[in-house]
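Structure first, commentary second.
Each value in this text was obtained by applying a stated rule to the coordinates, not by laboratory testing. Here the structure is a predicted model, which means the values were calculated and not measured. Here the Cβ is made from the backbone with ideal geometry for all residues, glycine too, and neighbour counts use every protein chain on show.
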């Protein structure tokens, strides 16, 4: 082996040792760790705090998804009061348009401004415009307010899904996603029942005001 080859190997070895010792190399080594190794380094919530957060997330998802079946059942009562039955479909469509339009955007915003801040923001949007829907005096007002309510609902759904994934390790995903799916299914089941009971016994405005 020539002396030039030996010198090149020595230079390569010295450079490699320097790179491994730099902070950048250490960070790359950490980022390159397997998901199991990464999870072992994390501190996940447990006990009462975990259960309280889970209940809050499930409640957000329940109320957000409840909006679709409960309002659909109450459309006749709403249009009997506000009129313009030919625009009734927009009461549902406007919510869904606002919902799907910003679903991914809020997830990205939470990467920038933090999960907690964005979740509080979208919950406030949902509550404020739910009240506005309950106070609507015309079908046009209701349609506009429903679109903004859908924006809040989209944030609730996307943030709850993101937080759930970060809240527990991967080996518990099945357990907690099952719990969330149960609440989601209950909202679809109870929505028409609640909508019919409220419209029949009180005013349709309570459908929005109970939020």
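Quick notes on this one:
- For region 170-187, a residue qualifies if it is surrounded by 14 or more Cβ atoms within 10 Å (Cβ to Cβ) and in contact (Cβ under 8 Å) with a residue 24 or more places away in the chain, and the qualifying residues are 176, 179, 180, 183, 184, 186, 187.
- Filtered residue count, region 133-169, keeping only those that are surrounded by 20 or more Cβ atoms within 10 Å (Cβ to Cβ) and without any contact (Cβ under 8 Å) to a residue 24 or more places away in the chain: 1
- Test for residue 194: is it crowded, with 18+ Cβ neighbours inside 10 Å and under 20 Å from residue 97 (Cβ atoms): no
- For region 108-125, the set of residues classified as crowded, with 18+ Cβ neighbours inside 10 Å and farther than 20 Å from residue 62 by Cβ consists of 109, 110, listed by residue number.
- Test result for residue 137, under 16 Å from residue 95 (Cα atoms) and over 13 Å from the mean Cα position of the chain (by Cα): no
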